[in-house]
Each structure stands twice: as C-alpha cells, then as structure tokens.
Amino acid sequence: MSLREIITGYLDELKSALNSLKAEEIERAVEMIWEAYERGGTIFVIGNGGSASTAAHFACDLGKGTSTEGRERLRVLSLADNIALLTAWANDTSYEEIFVQQLRNLMRPGDLLIAISASGNSPNVLRAAEYAKSIGCPVLGLTGFGGGKLAKMADHSIVVASDRYGPVEDIHLVLDHIFARCIRAKLSSPR
C-alpha cells in the first residue's frame, strides 16, 4: 500500500466516522455538563493512554477555555494527570484502582464523570464509572469499537463509529472542542 493510499484511507475513515455523529447525542452530552455546572458539581475526566491525554485536554478546555467574565467557572479535574498518585495506587493496590480510589477522595453527589475509553472495556474506567453511579453521579461515556461495557453502563454515551484507535481518539478530541464551545456560548448568553 502506498503512502498516498494510507493517507487517503485514514482521512476517508475519519470523515465517515465524523459524519456518523448525531447532533442530538452531542447536545445531550453538553446538557449533562451544563447540569453539573448548575448543580455546582465538579466534572472528573478519566482515560488511559491517548485517552489520558484527551482527559487532560478536556480539563483544560472546559476549565479554562469556557471562562467567562462575570460567571462562575466550571470545576474540572483530569484524574489522569498526577503521575505520583497514579503510580502509588497502581503499585499499592492495582492498576484497576487508579481512578476509583481518587474518586473516593474527591467525588460528591452532584458531580459528573466523563469516562473516555476507546474500547469501552478498560477495567479502571469501568470501576470508576461503577463507583460514580453507586453514589448517584451521572456518567458520560465516550467510546468507539461498538461501545463496549462502558456504553451500556453510562447514563449517556457517544460511540464513535470506528474500530481503530486513531479515528476514535481524534473524534473524542473533536467532541471536547464542541462541548467547550457550546458551554462557553451558554455562559456568554444573557441569563
């Protein structure tokens, strides 16, 4: 396969997955974030690997990128960013506990968990989602690969129509930017 075929194939796959997104599903996700904001809740974002980077990007865009003069700011925290804490929990318990143990310290009813897992089957993400739901916090799942267990467990899921990590992770970042733009518009509009 030539480089040109690889490039055009990737772009075609990405376009197809983008075109399969449904505006009403994205709008529901934005509403979940807005509802957490209105409740005064904290938004926690989790993910592994590339999704950990996306979680950090979400925290930046939703926390800083939506800041609006005269309005309370969103409280957003990526639980994938503290390497000392992640490795301490992984070493002393198991890797499956790295997010749920942080949530046990921080999460309160009214908060929101944004769980990012390309496969939808990451054990540490699933444990965190189970915990969030057990204390009454909603879970927004972002997946691909048909959604996996997370899509069924979450209160609302957006499942990217791809079975390849690159396009799934690309579109999760696109969703981050859409969410941030929508929240900023809501914060900027007259009350």
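A few points about this structure:
- Summing +1 for each Lys or Arg and -1 for each Asp or Glu among the other residues whose beta-carbon sits under 15 angstrom from that of G136 gives 0.
- In the chain, helices alone account for a calculated mean residue ellipticity at 222 nm of -18000 deg cm²/dmol, with every DSSP H run of four or more residues adding -39,500 (n - 2.57).
- Proximal charge balance of Q101 [Cβ under 11 Å; K/R count +1, D/E count -1]: -1
- Shown for L11, L112: other C-beta atoms within 10 Å of each C-beta, ranked fewest to most, produce the order L11, L112.
- Close amide H pairs (under 5 Å, H built 1.01 Å from N) link R75 with I43, residues at least 5 positions away or on another chain.
- Where GluC sites (Glu not before Pro) in DSSP loops with at most 11 other Cβ within 10 Å are excluded, longest remaining stretch of the chain: 73-191
- 5 angstrom amide H check on D111, placed H, neighbours 5+ away: T42
- For the pair I6 and R28, the difference between a 0.36 nm per residue extended length and the Cα-Cα distance amounts to 4.5 nm.
- L21/T93 FRET efficiency (R0 25 Å; Cβ-Cβ; nearest 0.05): 0.10
- GNM top mover of K133, K22, K64 - the chain, alpha-carbon springs below 10 Å: K22
- Normalised size of the stretch 85-147, defined as Cα radius of gyration per 2.2 N^0.38 Å with N residues, equals 1.10.
Any read-out appearing in this document is the output of simple, stated calculations on the displayed coordinates, not a laboratory observation. None of the values given here were measured: they were computed from a predicted structure. Counting neighbours? That spans all protein chains shown, and the Cβs are built from the backbone with ideal geometry, glycine included.
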